Each structure stands twice: as C-alpha cells, then as structure tokens.
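Read the structure below first, then the notes.
The values are calculated or read from the model by the stated rules, or taken from the named source; none is laboratory data. All of these numbers come straight from a predicted model, not from anything done at the bench. We place every Cβ from the backbone using ideal geometry, glycine too, and count neighbours over all the protein chains shown.
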Amino acid sequence: MGSPVTELVETLAQAKSVKAVQVGGASGRLLPAEKLDTPLAFEGILGAGAVLVFSRDRDIIEMVWKNMEFFAEECCGKCVPCREGTQVMCDILERISQAQGAEEDLTILDELANTMMLASLCGLGQAAPNSVVDSVLYFRDEYEARIGK
C-alpha cells in the first residue's frame, strides 16, 4: 500500500510502452501513463480486481466499449439507470469507435455516467461507467479525433 502504480507496472511487471493502466478490473479506474506515479492506496487508486496494462497501440475507445458490453450483459435489469445506461453507452461507444459519433456524444456519456453512478441500485451500475469517465477525461483527444472535431 502506498507504492506508486509505476512500481507495480514497470518495475515488477517490466511492462514497456505503457499507454494506460486499469486498476481494479473492468470496473476499475483507468490511468494514462503520465499518471502512473499515483499511489496504490485508498487515497490514490485501489481496486479489488486485476491490474490491466494497455500498450501504446491499444485502442482505448474500443477497450472501453467492450467493457461496457460486458456490463450490459451482466446487468440484472432491475434498475433503469444501469439497464438502459449500459446499453445507451454501448451504442454511443460503438458509433464513436466506428467514426460515426457526434460532438454531443461526449456530453451524453458524461451525464449518463453521473446518473448511473448516483442512481443505480447496486455496485455494478455504480462502477460500470468508471472506464468511460476516465477515458473521456484522459484520452479525450482520441474521442475527438474519431468524432472528427
């Protein structure tokens, strides 16, 4: 506890050409390579699942889209924010991934993520948007390039 993510990823795992790291599995937080000095701690970033390391050639938008497809499949369907939110996010991420997105899609993703985090009944719906939020925050240029902004 307290060690920077870079110690785990680059020193211990000897990962090279790191673009991003997701701590806590598919629902964990996504950090760009520039933020790997963040400590593995409750005050920094900590997850209960796997640590995923993505190389510089990984398509972050596609990865986030596939994460969201997983959550849409796993959703129990009992609450509307998660049931509908995961599916709408999948649709938007698919369009963006295929260079058919619109400028307002990023605003919709952000608003939908906030709604899901606040209103979903269980942890799945509350944590599912983490990678979407972080990817739009840290890799916005990739989204904008795909949208054509």
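What the table shows:
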{"item": "First in the range 104-118 and in the same structural domain as Met68 (by TED's automatic domain parsing) and under 18 Å from Arg146 (Cβ atoms), second anywhere and surrounded by fewer than 13 Cβ atoms within 10 Å (Cβ to Cβ) and of a type outside the set (D, E, K, R), Cβ under 7 Å, 6 or more apart", "result": "none"}
{"item": "Condition check for Asp141: more than 19 Å from Ala26 (Cβ to Cβ), in contact (Cβ under 8 Å) with a residue 24 or more places away in the chain and assigned by TED's automatic domain parsing to the domain that holds Pro81", "result": "no"}
{"item": "Pick from the range 111-149, criterion in a helix (DSSP H, G or I) and basic (Lys, Arg), ranking: surrounded by the fewest Cβ atoms within 10 Å (Cβ to Cβ)", "result": "Arg140"}
{"item": "Residues located in the range 67-83, provided they are outside any helix (DSSP H, G or I) and touching a Ser or Thr at 6+ places or on another chain (Cβ under 8 Å)", "result": "Cys75, Cys79"}
{"item": "Number of the exception - Ile96 against (1) free of Cβ contacts under 8 Å to residues at least 12 places away in the same chain; (2) surrounded by 20 or more Cβ atoms within 10 Å (Cβ to Cβ); (3) not charged (D, E, K, R)", "result": "(1)"}
{"item": "Among (1) in a helix (DSSP H, G or I); (2) touching a strand residue (DSSP E or B) at 6+ places or on another chain (Cβ under 9 Å); (3) surrounded by fewer than 20 Cβ atoms within 10 Å (Cβ to Cβ); (4) modelled with pLDDT of 85 or more - the single one Val64 does not satisfy", "result": "(3)"}
